[in-house]
Number of protein chains: 2
Amino acid sequence: MSRFPSSQSTSAMAEEPTKVGSAGGGDREGEDEQVVNPWEVTAKDGGKIDYDKLIEKFGCQRLDESFVRRVERLTGRPAHVFLRRGVFFAHRDFNEILDVYERGEKFFLYTGRGPSSEALHLGHLVPFMFTKYLQDAFKVPLVIQLTDDEKCMWKNLTVEESKRLARENAKDIIACGFDITRTFIFSDFSYVGGAFYENMVKVAKCVTFNKVVGIFGFTNEDHIGKISFPPVQDPYFRMTRDVAPRIGYQKPALIESSFFPALQGETGKMSASDPNSAIYVTDSSKDIKNKVNRYAFSGGQDSIENHRKYGANLEVDIPVKYLGFFLEDDAELDHIKKEYGAGRMLTGEIKKRLVEVLSELVERHRKARALVTDEVVDAFMAVRPLPLMFS
Amino acid sequence: MSRFPSSQSTSAMAEEPTKVGSAGGGDREGEDEQVVNPWEVTAKDGGKIDYDKLIEKFGCQRLDESFVRRVERLTGRPAHVFLRRGVFFAHRDFNEILDVYERGEKFFLYTGRGPSSEALHLGHLVPFMFTKYLQDAFKVPLVIQLTDDEKCMWKNLTVEESKRLARENAKDIIACGFDITRTFIFSDFSYVGGAFYENMVKVAKCVTFNKVVGIFGFTNEDHIGKISFPPVQDPYFRMTRDVAPRIGYQKPALIESSFFPALQGETGKMSASDPNSAIYVTDSSKDIKNKVNRYAFSGGQDSIENHRKYGANLEVDIPVKYLGFFLEDDAELDHIKKEYGAGRMLTGEIKKRLVEVLSELVERHRKARALVTDEVVDAFMAVRPLPLMFS
């Protein structure tokens with residue numbers, strides 16, 4: 001099992017090597033002030049990320065209502081919260097994946113993570129929670145790539161530390177509930193070689209230095225590890241979609257999520273350098289309560305009088321946004337938005353409900369992770385046949 | 001067994017990870033007209049390569065008479081023809097290797113080949129013939145790297161063709177007589193991964209794009225496969241010697257050979273695009289006779305009268321130069337040079353003797369290669385313990 005199937009012949013997986021991943025698009029600093037690339041997300045003048053502009057700029061397709069209905073019809077189950085509430089807002093060729101599925105043909109899922117931190121925060125969990133839903137709903141194999149080599153190069157970690165973080169992060173990922181009979185997790189340091197390395201070379205041959213400068217904004221002073229890294233990792237999807245057909249493979253289809261906002265407000269991604277900008281899966285209920293109450297940016301008015309009069313600004317309110325990700329009950333969420341927006345509920349009530357929801361989520365994660373021993377990690381990362389991966 | 005030992009602890013080999021390789025230096029087109037880099041060798045205005053200038057430019061050490069005597073003393077056997085006749089003319093820190101050997105400590109040899117052609121020519125054999133001598137004389141382990149990935153990228157061969165050529169070339173290399181109990185041969189496509197890939201990443205982190213532009217002359221239009229390749233291959237020795245100490249390894253020592261001249265004259269390397277520029281190990285005795293007689297550039301005079309009067313110009317005479325590589329009898333070589341240089345021997349006689357010497361060499365190689373089955377190649381390329389490698 002390689003990043004790209006090494007032949008079009010043998011395994012069921014190779015028959016239709018179409019992939020679905022989850023990743024943001026890439027962008028360069030330039031004409032406008034909104035910066036979105038694999039390493040940086042900055043909204044214009046401290047405002048919000050303009051997703052319509054991202055869709056237009058990167059030429060993605062909007063993930064609309066009819067698409068959600070089609071997924072529900074095909075899988076025979078309600079769409080995931082992230083899908084029906086627009087957390088995943090854009091895609092490239094995902095319709096073709098649904099065509100493949102409808103014809104009874106095979107596809108598989110791919111996602112990954114660069115293991116640069118000890119513990120994951122809630123934003124890190126979003127793609128994995130969604131990928132678990134996709135795996136369960138479509139009953140398909142999943143490949144998860146841990147780019148320990150990338151983090152070794154970008155974060156200047158040692159090889160050993162990068163490998164250790166990859167295994168620690170694998171435990172959090174496995175705790176999301178992936179099915180071991182359909183899931184293969186690998187780290188680059190442990191798995192580069194063979195057909196994988198052959199594909200890296202094939203991809204590298206198709207991409208000039210000027211091209212990676214254009215896509216990723218590298219400079220002449222960047223080390224050649226960075227410059228040569230894109231062929232190692234599928235999430236460099238714009239490049240992958242360009243190159244794949246030139247070396248005889250199908251383009252991967254993509255599905256793209258919005259950014260999970262920082263507690264302080266929706267002006268960008270959360271920052272590992274500020275632990276108070278995010279809720280971590282290692283936070284205690286007390287930590288969560290403290291962070292939400294102290295740091296979660298509120299759209300409520302500055303006095304109860306004004307709040308009762310004008311209502312909360314839901315567009316900027318972080319507790320409501322977080323509930324939009326993690327409160328599964330649509331009716332309750334609608335109720336909260338209506339009452340809070342009209343000023344009949346106060347920020348304190350919303351935050352209290354959010355603390356409950358997040359504490360339960362994190363507690364469930366903690367219990368699941370405690371069961372993931374080193375042996376379980378080894379089992380998920382073993383190079384092995386997966387006879388049941390499509391059944 | 002990796003390019004660089006991955007730890008300084010366990011195997012005998014890792015205790016003194018000093019290496020000896022054979023490769024030309026690197027140079028860039030620039031102020032002078034002599035161009036020597038890993039991909040191009042061009043003398044100034046069709047003249048000869050100026051080796052003194054190379055030594056000065058690249059800061060190598062001249063391989064002098066006292067060095068040759070020291071090798072003979074330490075190994076208790078006469079120096080190889082290539083050593084005593086100056087074919088290997090320069091080195092970097094090889095004296096330190098001899099110090100290591102004298103103290104009874106361990107070192108190993110490394111050399112390699114980029115497998116871009118079906119059959120090797122005599123110039124290709126030179127480093128392997130010399131490496132076999134070194135292995136036998138010092139009784140040390142040897143690692144031979146076949147850079148099939150490099151040729152896939154530079155010559156635009158398919159992965160499959162590059163891998164096939166690597167195995168074919170391995171047969172010619174094995175036919176040079178390497179000791180299977182001390183020799184490990186690998187191809188990049190089959191062996192990149194694990195500790196090897198970890199080292200590639202460690203090296204890549206130390207080298208900027210500007211640096212490889214400076215060393216190798218890459219441009220912004222080169223593909224990122226080329227740009228990122230230097231960390232894969234040890235023969236990029238100038239870079240390796242710069243980086244090794246920065247990541248905790250000893251610098252490899254080097255020994256450098258002069259270029260084996262084309263039949264048409266000593267103005268550069270032989271060209272694969274002109275089969276008449278070189279003697280191949282697949283040439284028949286008839287081919288050899290024909291090529292030597294028709295194409296070998298002669299330093300003899302244009303008439304017998306003039307030749308008897310002025311003698312041959314040995315400085316440009318290819319048959320004499322080839323005999324300098326492959327005629328082992330020092331007395332006979334001296335006799336030929338003296339008589340031919342004085343005009344008492346004619347070009348025809350020299351060429352006849354050269355045809356005999358080369359035919360015997362090629363015939364011996366052909367017989368040895370016929371014994372190298374696929375199973376023998378597999379045995380040399382197997383990842384395996386080498387318990388006798390230092391005994």
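The values are calculated or read from the model by the stated rules, or taken from the named source; none is laboratory data. Just so it is clear, the structure is predicted and the values come from calculations on it, not from any experiment. Don't worry about glycine lacking a Cβ; one is built from the backbone with ideal geometry, like all the others, and counts go over all protein chains shown. To get the accessible areas, we keep the full protein, side chains included, count just its heavy atoms, and leave off ligands, DNA and RNA. Shrake-Rupley method; radii C 1.70, N 1.55, O 1.52, S 1.80 Å.
Before moving on, here are some points about what is shown:
- Label-point separation, A:LYS155 to B:ASN276 (7 Å along Cα→Cβ), nm: 6.3 nm
- Here is the interface size for B with A: some 3000 Å² of accessible area buried, both sides summed, with a 1.4 Å probe.
- For region B:41-80, the solvent-accessible area of protein heavy atoms averages 58 Å² per residue (probe radius 1.4 Å; ligands and nucleic acids excluded).
- Shielded by partner chains, region B:214-249 residues - at least 20 Å² of accessible area, 1.4 Å probe, vs chain alone: B:ASN220, B:GLU221, B:HIS223, B:ILE224, B:ILE227, B:SER228
- Restricting the GluC sites (Glu not before Pro) of region A:214-270 to loop positions (DSSP other than H, G, I, E, B) with no more than 11 neighbouring Cβ atoms within 10 Å leaves A:GLU221.
- For the pair region A:67-101 and region B:202-230, the centres of their Cα atoms are 43 angstrom apart.
- Dipole of region A:252-391, positive end: most advanced residue of A:ASN276, A:ASN306, A:LEU388 [Cβ charges, Cα centre]: A:ASN306
- Cα-based values for region B:181-234, radius of gyration first and Dmax second, are 13.1, 45 Å.
- For A:ARG308, label point 7 Å along C-beta direction: distances to other copies, nm: 13.1
- The Cα-based radius of gyration and maximum Cα-Cα distance (Dmax) for the protein assembly as shown are 32.8, 121 Å.
- Complex-versus-alone comparison for region A:174-195, residues with a loss of 40 Å² or more in accessible area, probe 1.4 Å: A:PHE189, A:VAL192
- Applying a DSSP loop filter and a limit of 15 other Cβ atoms within 10 Å to the GluC sites (Glu not before Pro) in region A:297-391 leaves A:GLU315, A:GLU328.
- Phi angles across region A:348-359 convert, under the Karplus curve 6.51 cos²θ - 1.76 cosθ + 1.60 with θ = phi - 60°, into 3J(HN,Hα) values of x, 5, 5, 5, 4, 5, 5, 4, 4, 4, 5, 4 Hz, Gly and Pro given as x.
- Label-point separation, A:LEU371 to B:ASP302 (7 Å along Cα→Cβ), nm: 9.4 nm
- Accessible area per residue for region A:275-369 is 52 Å², calculated with a 1.4 Å probe on protein heavy atoms, without ligands, DNA or RNA.
- Per-residue surface analysis assigns B:LYS48 an accessible area of about 90 Å², computed on protein heavy atoms at 1.4 Å probe radius.
- For region B:115-152, heavy-atom accessible area (probe 1.4 Å) falls by no less than 10 Å² from the chain alone to the full protein assembly at B:ASP149, B:CYS152.
- Expressed to the nearest 5 percent, the antiparallel share of DSSP beta bridges inside the protein assembly as shown is 45 percent.
- Chain B: Rg to Rh, with Rh as the Kirkwood radius over Cα pairs: 0.96
- Here A:LEU74 yields copy-to-copy label distances, from shortest upward, of 6.8 nm, the label point defined as 7 Å from Cα along Cα to C-beta.
- GNM result for chain B, Cα springs below 10 Å: residue of B:ALA370, B:ALA90, B:ALA43 fluctuating most strongly: B:ALA370
- Under a 5 Å amide H cut-off, with hydrogens placed 1.01 Å from N, B:GLU256 pairs with B:PHE89, B:ALA90, B:HIS91 among residues at least 5 apart or on other chains.
- For region B:82-138, the set of GluC sites (Glu not before Pro) satisfying both a DSSP loop assignment and a count of at most 13 other C-beta atoms within 10 Å is given as B:GLU105, B:GLU118.
- Accessible carbon and sulfur surface of the protein assembly as shown relative to its total accessible area, %, 1.4 Å: 50 percent
- Ranking B:VAL213, B:VAL376, A:ILE174 by Cα position along the charge dipole of the protein assembly as shown, where only Lys, Arg, Asp and Glu carry charges on their C-beta atoms, puts B:VAL376 farthest toward the positive end.
- Across the identical copies, how the B:ASN293 labels are spaced - nm, sorted shortest first, 7 Å along Cα→Cβ: 10.3
- Estimated Rh, region B:275-369: Kirkwood, alpha-carbon pairs, angstrom: 13.6 Å
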